[in-house]
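*Asks:* This is the structure I have questions about; it appears just below.
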Amino acid sequence: MKSPFWTLCFLVWLLPLVAQAQDGVAWDELPADLQGILGPMQAQWDALPPSRQERLQNGARRWQALSPEQRGDLQQQFRGWVQRSPEERESIRNRFNRFQELPPERQRAVRNRFERFRNLPADRQQELRRRFEENRGERQSRTQNPAQQRSPGLQRNTPNNRQVPVRPQQQNRVTRPAPGR
């Protein structure tokens with residue numbers, strides 16, 4: 001008999017919290033430190049959906065936990081984002097969404113390659129960027145001119161005979177024993 005009573009009491013106690021979460025949080029109910037960080041949002045705060053209010057509050061709390069150096073880095077990244085054209089931002093969002101759709105092991109491989117790239121000296125990074133841009137330009141020109149002759153570094157391996165670049169290390173791949181064997 002006690003169990004249903006205490007369950008009912010708990011639900012009655014929880015109901016105002018659930019209602020508040022559904023209605024969001026009024027600006028005046030925010031702690032002063034969060035109001036300071038979220039100040040630019042004050043005029044529209046009450047019109048925001050509760051889920052958006054919660055995300056903004058969580059972001060403000062994460063911001064508070066950052067060091068001044070980390071805050072400066074993020075501000076610089078944000079300024080760079082704002083300066084990008086809408087097309088560039090859309091392209092970045094699309095690449096991010098494609099990355100999120102990859103299987104976890106493929107995501108790890110991409111992250112590992114990016115980390116290796118970031119650890120390279122600046123001159124090596126520039127060289128790789130230059131080569132990437134050259135290759136991208138070649139790929140774009142091939143797609144614009146499909147009648148182009150096949151070059152030695154390309155092989156046909158798709159059903160529609162699309163030309164695909166082959167990396168030199170893939171042409172003569174040798175199986176190596178696992179380390180420690």
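*Asks:* Please go through the stretch 80-94 and pick out each residue that is loosely packed, with under 10 Cβ neighbours inside 10 Å and in a helix (DSSP H, G or I).
*Replies:* 80, 82, 83, 86, 87
*Asks:* Checking the structure you have, find out if any residue of the stretch 113-136 is touching a Pro at 6+ places or on another chain (Cβ under 8 Å), surrounded by 10 or more Cβ atoms within 10 Å (Cβ to Cβ) and in a helix (DSSP H, G or I). Working first, answer last.
*Replies:* Of the residues in the stretch 113-136, the ones touching a Pro at 6+ places or on another chain (Cβ under 8 Å) are 135.
Narrowing further to those that are surrounded by 10 or more Cβ atoms within 10 Å (Cβ to Cβ): 135.
Narrowing further to those that are in a helix (DSSP H, G or I): 135.
Yes, there is a match, as at least one residue in the stretch 113-136 is touching a Pro at 6+ places or on another chain (Cβ under 8 Å), surrounded by 10 or more Cβ atoms within 10 Å (Cβ to Cβ) and in a helix (DSSP H, G or I).
Readers should treat all values here as calculations from the given coordinates under stated rules, not as data from a laboratory. This structure is a prediction, so every number in the text was calculated from the model and none was measured. In this analysis, Cβ positions are derived from the backbone assuming ideal geometry, glycine residues included, and neighbour counts consider all displayed protein chains.
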